[in-house]
């Protein structure tokens, strides 16, 4: 698998269906100096994914439709591997 060269600052992608959580996470990550893209759903993120790449994914594991775990699997199947760490759930990532 060939990765595109990094030509700009890495993007932290936040996917959460709760607007207040999404905004809070975005502000927190941006305050640390990172570039952020926030998405309201897994589908919205997957639609963005073909032309872009996130260096890090922050996923809500309990979303309507596609869960964070399902999104991680879909991202990996498209050649975008992700590592998952979640203190909020006992399910292994």
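Remark on region 14-77: hydrodynamic radius 11.9 angstrom, per the Kirkwood mean of 1/r across alpha carbon pairs. In plain terms, the chain from residue 32 to residue 64 could stretch by 8.6 nm, reckoned as 0.36 nm per residue minus the Cα-Cα distance.
Laboratory data are not the source of any read-out in this text; all were calculated from the coordinates shown. Keep in mind it's a predicted model, so treat the numbers as computed, not measured.
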